[in-house]
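Written below as structure tokens is the structure these notes are about.
The values are calculated or read from the model by the stated rules, or taken from the named source; none is laboratory data. Because the structure is predicted, anything quoted here is derived from the model rather than measured. A quick note on method: Cβ atoms are made from the backbone with ideal geometry, for glycine too, and the neighbour counts reach across all protein chains shown. Surface accessibility is based on the protein's heavy atoms, side chains included, excluding ligands, DNA and RNA. Shrake-Rupley method; radii C 1.70, N 1.55, O 1.52, S 1.80 Å.
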Amino acid sequence: MKTTRVSNYSEYTEDKVLVAGECLKEFKRNEAVVYKMQKSEYCSKEILKFIIKFTKKSNKDSIKLLANGNCKDSLLLLNRIEQFLLALECRELADIQSLTYINLACVCRELKDLNMALKFLNKALDICELDGKGKHRALVYLNMCGTFREQHQHKNALNCAIKASLQCQEDIACLQASTKVKPKTIAKHVSLLGTALYNMGLQEEKLGNVASALNWYVKGLSALKSNPQSSNELKLKVQKAINRLNGVVLDKSASDNNTKAKQRQSSTSRHKYLIPALVTQRATPRKKESHDVTLDDSSNDSGSLEAELKEFVKKKPN
């Protein structure tokens, strides 16, 4: 079979204007292109490459539509992507399929249809398990955590946040072992780890475990700060949570014992909850602002964090 490049069809995937309704029309045009390619002399690799390219773009378009408050068009587009991918029955498109289900869940959460969101997330998880690689597994768990949280099922949300954190650790270790992975890709997973740890803190706080919540908030902020590209809004949110719970821990310690010795002990123990960057600034001249915390820090070492997560799972009541 003759190999032909698909550059002739690049015009269909480079439309930079996002207009409600136009995204769906563009997707339909690309569908037609695929069917034409299948009937002509294009090789299967070239067809697959084209499908991956335009379905990824359409998924991005759906999220932009959702961000603009256009749930209806976002849902229509994602449903069309889902139907198209299911009809192809191609295992090489598993990553795109799971991503599509995650995005469908995001739309359902926005529409407050949380049960349907969980159904889509379970479909995404099933694909990750069948695929073996499970590229989006951590993202699935994190979205499950958010969905359970909205249903006020904080124990289930915590379990999903733990799974997301452990999966992020595993993904980061695999990426770091590869010589072909770009640092930017690893940085994204580190940010995802920070978000997962923060969500662990949120659920522990909801369950009344303040000290544990504070511990995960600190570790989450440390991971987020290790990546300069992490959301400043999220970092500020986590820092506020740390500041708030520091006060709760101190008040509890002071109420337990009013002696000066106990108060000094409480003040000392407070520092273990401060982010490592702030502790460093007390002892040495200020050199860096917010990016001097890395995953190699003793507070957030990859191996020690994974061990702590597993120990936490063992001790956690069912």
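Given a 1.4 angstrom probe, what's the average accessible area per residue across the range 147-247, in square angstrom?
On the way: 4590 Å² over 101 residues.
Averaged over the residues of the range 147-247, the accessible area is 45 Å².
Any chance you could run the full-extension gain for LYS28 through ASP113? It's 0.36 nm times the residue separation minus the Cα-Cα distance, nm to one decimal.
Values: separation 85, 0.36 × 85 = 30.60 nm, distance 2.71 nm.
Stretched out fully, the LYS28 to ASP113 stretch lengthens by 27.9 nm.
What pairs in LYS39/LYS123; LYS163/LYS188; LYS49/LYS184; LYS28/LYS56; LYS188/LYS235; LYS49/LYS225 have C-alpha atoms more than 25 Å from each other?
Values: LYS39/LYS123 31 Å; LYS163/LYS188 18 Å; LYS49/LYS184 23 Å; LYS28/LYS56 14 Å; LYS188/LYS235 15 Å; LYS49/LYS225 36 Å.
Result: LYS39/LYS123; LYS49/LYS225 exceed 25 Å.
Could you state the number of Å between the C-alpha centres of the range 87-165 and the range 52-76?
If we compute the Cα centre of each part, the gap is 17 Å.
Quick one: if the Förster radius is 45 Å, what FRET efficiency do ALA211 and LEU48 give, using the C-beta to C-beta distance and rounding to 0.05? It would help to have the intermediate numbers written out before the result.
Numbers: r = 51 Å, r/R0 = 1.13.
Calculated transfer efficiency: 0.35.
Sort ARG91, ARG109, ARG80 by accessible area with a 1.4 Å probe, largest first.
Working: ARG91 165, ARG109 45, ARG80 75 Å².
I get ARG91, ARG80, ARG109, largest accessible area first.
With label points built 7 Å along Cα→Cβ from the Cα atoms of LYS237 and TYR35, find their separation and express it in nm.
Taking the simple label geometry, LYS237 and TYR35 are separated by 4.3 nm.
So, in Å, what gap is there between the alpha-carbon centers of the range 175-197 and the range 209-225?
So the two Cα centres are separated by 19 Å.
Suppose all protein chains stay in the model; what accessible area per residue would a 1.4 Å probe give for the range 71-112, in Å²?
Numbers: 1950 Å² over 42 residues.
Here the residues of the range 71-112 average 46 Å² of exposed surface.
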